[in-house]
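Have a look at the structure below before the remarks.
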Amino acid sequence: MIKSRSSIVSQIILNTIIIILCCIIIYPFLLVVGASFTEEKALVEFGYNIIPAKASLKAYEYVFKNPAAILNAYKITFIFSVMRMVLAVLLQAMIAYPLTKKMLKGRAGLSFYLYFTMLFGGGMVPSYILITQYLHLDDTIWVYVIPMLVSPWNIFMMRTFFAGIPNAIIESAYIDGANEYRIFFTMILPLSKPILAYIALTTFLGAWNDWNTSMLYINDDSLISLQYLLQRIMKNLEVLQNAQAMGVDISTLQNASEIPGETVRMAMAVVVAGPALVVFPFFQKYFVRGITVGSVKG
Amino acid sequence: MAKSNDVAVKPRKKGKGINGTNTIQLYSLAAIPAFLVFVFSYIPMFGIIIAFKNYRFDTGIFNSPWVGLDNLKVFLASDDFARIAYNTISMNLLFMLVGTTCAVLLAVVLFEITARKAVKTYQTILITPNFLSWVVVGYMGYAILHPTSGVANSIIQMFGGKPINWYAEPGYWPWILTIASEWKGVGMSSVVYYASLMGIDASLFEAAKIDGANRLQVAWHITIPQLVPVIVVLSILRVGNIFRGDFGLFYQMSRNVADLYETTDVMDTYIFRVMRIFGDFSLSSAAGLMQSVVGFITVVVTNFIVKFIDPEKSLF
């Protein structure tokens, strides 16, 4: 194909626009990383910059000197994220599958039962009272998992996907004498990997980035999530030290301006966000594919 | 569904539906998730009655005294209500306007780029902020807006301007929040538009080319009109949620600084603060009731409208 000169020019312009946009997207990442490797005094004097005015590893030394709080938050967050992901995918699929059965009595009622929760909700206050005063899930790891397992959006997305599985396959399983449990676990689930992967990833991501559950329901420092630890460090660096009973004498550090405040915060942000940012882009195609799968209404 | 239903009816075993479906087994699968929906969605709905009570922890919901509409009256008469209602609605409208425009423009520009491999790379970069929590984005905002060492003030000073104390000036925040929201979300929201552009019949473009239309004319007369139904539906659905604010955006970006409440306090941050920090269940539950009821009305009305435009996209 021969390209006209004007189309080459317009391609250059369009690509330039997007590349500038990509730079704007990347800039804050580099800024935080750059600041985390800057010497505290240089940062205060010259301000935040991508390229450290004076490079230093002090901030990371400070963060890793007592990594117990960070490691614990990583552990807690990983555990509840995996629990939420596995249970959410399984339970939502378990209710989505019956909804594909057009012959099932009460199917419309069950659908409406789920739909209605998308229209109306009690909101934060009644949920808070329910969870803390009646179910007593606060200050347990279950508060990160159980209240957030079932979302109607996900169920309807799954239902749409399940309904697209050729009926002939399921019919033949019935004829072979398979019961519903068997069909669900050995046929529906294995044939629905794309949608299950999408729901699993979005659920995991949501859990991994969860900060408000800790803020609402957790008083016990050993149970706070990674993002909430980061949020608290913004206000108060001592959180890093308080969470551990180790006999580090921080009083000598605290009064001095020796605590690299700004740079430690940025180093913490890198330590908290870094690993996820390395891992998640690998799964990006599932996210993008899921959006197009999910846009079909069932 | 299956055509075989029309075939002669065979005697069935008890509990078995047509085609061998087993009602009891199917319901047993749905039981646990349905129960969780009841506990975590339906019970809180009844819990909104606390807006009409003087809720006390020691007496519980049922034994707390009724106060009728007092809580609502206090909330509606307060300065808070006017402020947070205005902020929530105006910010949502701003996000909707700017968000839709940016997402559509981005999708069109990406669509116009012929090097598909480059587009993939661009999309990967543009979507990345979506994987961050608002806490981390709040840190990035802090590095830019820090009053003495932030990048924004460095740039202002470089051009001879006076540094701005960002975290004390509420006037700038509607725009700061809009930029933050776009920075994080524009890549992901353009994916929907990009996908629908990829679905446009190629013969339309060829016909336009034969008629001698240039790229801009094609974009304006063919590409964008093809998106209009999606834009309309997504916008209306967003109006349905106009009384809900993104808690993370407003809370983390503004660092919950009280000086900024004038423009950054929305329904969700207000309810959280009044309930969890001040422990005032009367006021917070009244605000929560307002949000639930207004939210219900807007969602139902907007869906009703969407149903007329495009039944496929409506919720019910």
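Nothing in this text is a laboratory measurement; each read-out follows from the coordinates by a stated rule. Small disclaimer: the values here were computed from a predicted structure and weren't measured. Every residue, glycine among them, receives a Cβ derived from its backbone with ideal geometry; neighbour counts consider all protein chains shown.
Results, tabulated for the structure shown:
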| quantity | calculated |
| --- | --- |
| Rounded tilt (10° steps) of A:107-119 against the dominant C-alpha axis of chain A | 30 degrees |
| Whole-number D in µm² s⁻¹ for chain A, Kirkwood Cα-pair radius fed into Stokes-Einstein, 37 °C, 0.692 mPa s | 142 µm²/s |
| C-alpha long axis of helix A:226-235 to longest principal axis of chain A, angle in ° | 30 degrees |
| Pairs beyond 30 Å (Cα-Cα), from A:K105/B:K307; A:K101/B:K307; A:K193/B:K209 | A:K193/B:K209 |
| Ranked A:R182, B:R83, A:R84, criterion: other C-beta atoms within 10 Å, fewest first | A:R182, B:R83, A:R84 |
| Sites B:L204 and A:I12 - FRET efficiency at Förster radius 25 Å, r taken between beta-carbons, to 0.05 | 0.45 |
| 4 °C / 1.567 mPa s Stokes-Einstein diffusion coefficient of the stretch A:68-216, Kirkwood radius on C-alpha pairs, µm²/s | 75 µm²/s |
| A:L277-A:A53 FRET efficiency (beta carbon distance; Förster radius 25 Å; 0.05 resolution) | 0.50 |
| Over chain A: helical MRE at 222 nm, DSSP H runs n ≥ 4 each giving -39500 (n - 2.57), nearest 500 | -20500 deg cm²/dmol |
| Over the stretch B:211-316 - Rg/Rh using Cα atoms and the Kirkwood inverse-distance radius | 1.19 |
| Acute angle (nearest 10 degrees) that the helix A:152-163 long axis makes with the longest principal axis of chain A, alpha-carbon atoms | 50 degrees |
| Cα-only Debye scattering, the stretch B:70-313: base-10 log of I(q)/I(0) at q = 0.14, 0.17 Å⁻¹ | -1.05, -1.27 |
| B:A31-B:R276 pseudo-label distance in nm [points 7 Å out on the Cα-to-Cβ vector] | 3.6 nm |
| Kyte-Doolittle at least -0.5, axis length at least 27 Å by Cα - qualifying DSSP helices, chain B | B:79-112, B:173-198, B:281-309 |
| Length released on extending from B:V74 to B:S235, taking residue separation times 0.36 nm less the Cα-Cα span | 54.6 nm |
| Net lengthening on full extension, B:Y42/B:I297 (0.36 nm per residue, minus Cα-Cα) | 90.0 nm |
| Among A:P147, A:M187, A:F78 - extreme Cα towards positive end, dipole of the stretch A:68-216, charges at beta-carbon | A:M187 |
| Estimated FRET transfer efficiency when R0 is 51 angstrom, pair B:I305-A:S222 (beta carbons, to 0.05) | 0.55 |
| Simple label model, 7 Å out from Cα along Cβ direction - B:I155 to B:N214, nm | 3.1 nm |
| Mean shadow area of the protein assembly as shown over all directions, Cα convex hull, nm² | 34.6 nm² |
| Kirkwood-type radius of the stretch A:144-189, with distances r between different C-alpha atoms, in Å | 12.2 Å |
| Gaussian network model of chain B, Cα within-10 Å springs - most flexible of B:S41, B:S133, B:S189 | B:S41 |
| Per-residue Cβ neighbour rank within 10 angstrom, fewest leading, B:M290, A:M124, A:M158, B:M158 | B:M158, B:M290, A:M124, A:M158 |
